[in-house]
Amino acid sequence: MAKSVLEAIKEGQWNFEPEAVEERRFQSTRAMPGTDEKLHVLAERVRTGLPLWHGEDRTDWDEEA
């Protein structure tokens, strides 16, 4: 069974959903949306099988870092 969305796609599993992970088990990011830093964080989450989003991630450019 696939551990990440990338593995699932390679296996042809188009309806893959990662297992739920409590947000306290991985860190949020204050990186601004659209930046290389934010994309790096999201890519690392995908590679490691974590959910793409964290409820405390920065979601807007005008939020304080």
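The values are calculated or read from the model by the stated rules, or taken from the named source; none is laboratory data. Just so you know, these numbers come straight off a predicted model, no measurement behind them. When we count neighbours, we look across all protein chains shown, and the Cβ atoms used for this are built from the backbone with ideal geometry, even at glycine.
Table for the structure above
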| read-out | value |
| --- | --- |
| Selection status of residue 3, basic (Lys, Arg) and not in a helix (DSSP H, G or I) | yes |
| Pairs with Cβ under 8 Å, 6+ apart, first in the stretch 43-65 and among the small types (Gly, Ala, Ser), second surrounded by fewer than 11 Cβ atoms within 10 Å (Cβ to Cβ) and at pLDDT below 85 | 49/19 |
| Filter pass, residue 30 being in contact (Cβ under 8 Å) with a residue 40 or more places away in the chain and surrounded by 13 or more Cβ atoms within 10 Å (Cβ to Cβ) | no |
| Number of positions in the stretch 4-18 that are surrounded by fewer than 13 Cβ atoms within 10 Å (Cβ to Cβ) and in contact (Cβ under 8 Å) with a residue 24 or more places away in the chain | 0 |
| In the stretch 24-53, residue farthest from residue 7 (Cα to Cα) [restricted to those that are modelled with pLDDT of 95 or more and touching a Ser or Thr at 6+ places or on another chain (Cβ under 7 Å)] | 38 |
| Scope the stretch 49-59; condition more than 15 Å from residue 20 (Cβ to Cβ) and surrounded by 12 or more Cβ atoms within 10 Å (Cβ to Cβ); matching residues | 57, 58 |
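A quick yes/no check of all residues on (1) among the hydrophobic types (A, V, I, L, M, F, W, C); (2) touching a strand residue (DSSP E or B) at 6+ places or on another chain (Cβ under 8 Å); (3) in a loop (DSSP other than H, G, I, E, B):
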position: 13; (1), (2), (3): no, no, yes
position: 16; (1), (2), (3): yes, no, yes
position: 21; (1), (2), (3): yes, no, yes
position: 31; (1), (2), (3): yes, no, yes
position: 34; (1), (2), (3): no, no, yes
position: 39; (1), (2), (3): yes, no, no
position: 58; (1), (2), (3): no, no, yes
position: 62; (1), (2), (3): no, no, yes
